[in-house]
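Structure record follows, encoded as structure tokens.
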Amino acid sequence: MRIFISAGEVSGDIRASELVNSLKKYGNFSFFGMGSSYLKKEGVNVVYDFKEDSIVGVQEALVKLKNVFESYKIVYREALKSDVIILVDYPGFHLKLANDLIKAGKKNIFYYILPQVWAWGLFRIETLRKIKGLYSILPFEKKFFEKYGINVKFFGHPLKKLLKEKINKIQIEGKPIIGLLPGSRKDEIRRLIPRFLKIKREIEKIYKDAKFILSLLIDYPISENDNLKIMRGNSIEIINSSDILIVASGTASLESAILKKPAIVVYSTSELTWILGKLIVKVPFISLVNLILNEMVYPEYIQHIRPKEITRKVLEILENPQKITNKLYKIDELLGEDNPTDKIALDILNSIY
């Protein structure tokens, strides 16, 4: 059986590789698709490596339209050769791909990590309705989709396994230790690192012995110094070693919550995307943690970021971190089972045979 699996950014590549690992337990399959280093490590024949193509936002998409179009042609052509198609996150790209593959007669299409239509884009529901299997990693999505007569399965969140893992601590001396996690996409990093560095300078005025650990997944013109350690990834170890995190919204905020670390969510996009987002997005928070807990547990600072204001919030949290961390224990029960990918893999295969 030829299984085509597609991921368009680093976090999706990780989740897709975990699913491939689970599928291997139940049979001998041939895997190929779009992805990058994580899928390659699982032996997947990557027909298109997204590398730094992944994008968020309208303006960013317009700039990279040619790249997206070229990659789409390759991915669509290759997916037609498959018996089973598994799409992971990356909704703008994958929903069009799903729609076109359905029109081409493909039936065994599955979607893992669903488009956030509850935030915006209800028009996307009709495409999801046509897909054979839908698998959520967020506890509130199943009930949301049920209102529209769509069967979505939720077995748990793959990050919950962090609770049982032994995570190393980075050897660094300082007080406090502050983790800086600007995300994995090139546009995110380009926008957020200058803002993070301004926040860093404000914090250093208060805490002379503060140390900072920056997660950097792409090349960026910044060097280590006495106060700043740069790591190529290792976000989990950075989180585990920090007293507080400043993170881009997304996976890192949820990892921080699972590890019971206080964090502040900071995010910035293009002005065009920001203006359009305010008009169409219908949720009270942008952080997954706050959405799952239905409460502003992690403070959020979006778009027009004021370093002094964030520094004051950092000081406030460090004086009483338990005010946040005590609320994070509820997330353990909400995230479902520890290793959902085995169940998802088995469910996909049972749906085919």
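Of note:
- Top-ranked residue of the range 12-42 - restricted to ones that are of a type in the set (A, V, I, L, M, F, W, C) and not in a helix (DSSP H, G or I), ranked as nearest to the chain's Cα centre (by Cα): Met34
- Residue identified as β-branched (Val, Ile, Thr), at pLDDT 95 or above, outside the structural domain of Asp243 (by TED's automatic domain parsing) and touching a strand residue (DSSP E or B) at 6+ places or on another chain (Cβ under 8 Å) among Ile344, Ile317: Ile344
- Search result, residues across the range 154-170 that are surrounded by fewer than 17 Cβ atoms within 10 Å (Cβ to Cβ) and touching a Lys or Arg at 6+ places or on another chain (Cβ under 8 Å): Ile170
- At least 2 residues being touching a Ser or Thr at 6+ places or on another chain (Cβ under 8 Å) and either closer than 15 Å to Leu19 by Cα or at pLDDT 95 or above (or both) is the threshold, and among the strands (runs of 3 or more DSSP E) wholly inside the range 72-137 those reaching it are 84-88.
- The residue pairs whose first member lies in the range 30-51 and is within 20 Å of Asp187 (Cα to Cα), whose second member is outside any helix (DSSP H, G or I) and of a type in the set (Lys, Arg), and whose beta carbons are closer than 8 Å, counting only pairs six or more residues apart or on different chains, are Ser36/Lys51.
Residue by residue, here is whether (1) closer than 20 Å to Tyr329 by Cα; (2) more than 21 Å from the chain's Cα centre (by Cα); (3) polar (S, T, N, Q); (4) assigned by TED's automatic domain parsing to the domain that holds Val314 holds:
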| residue | (1), (2), (3), (4) |
| --- | --- |
| Gln171 | no, yes, yes, no |
| Asp187 | no, no, no, yes |
| Pro194 | no, yes, no, yes |
| Glu204 | no, yes, no, yes |
| Lys208 | no, yes, no, yes |
| Val247 | yes, no, no, yes |
| Ala252 | yes, no, no, yes |
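- Considering Ile310, Ile264, the condition of being at pLDDT 90 or above, in a helix (DSSP H, G or I) and under 17 Å from Leu181 (Cβ atoms) is satisfied by Ile310 alone.
- Ser223 falls short on exactly one of the conditions (1) modelled with pLDDT of 95 or more; (2) more than 18 Å from the chain's Cα centre (by Cα), and that condition is (1).
- Unmet requirement for Glu173, which otherwise passes all of (1) at pLDDT below 90; (2) crowded, with 18+ Cβ neighbours inside 10 Å: (2)
- Which numbered condition Gly183 fails, given (1) closer than 24 Å to Tyr267 by Cα; (2) part of a helix (DSSP H, G or I); (3) of a type outside the set (Ser, Thr, Tyr): (2)
- Long-range neighbours under 6 Å by Cβ, at least six apart or interchain, first residue at negative phi within the range 72-96, second part of a loop (DSSP other than H, G, I, E, B): Asp83/Met1; Val84/Asn108; Val88/Ile113; Pro91/Pro115; Phe93/Gly8
The values are calculated or read from the model by the stated rules, or taken from the named source; none is laboratory data. Everything numeric here is computed off the predicted structure, so don't read it as measured data. All Cβ positions, glycine included, derive from the backbone under ideal geometry; neighbour counts span all protein chains shown.
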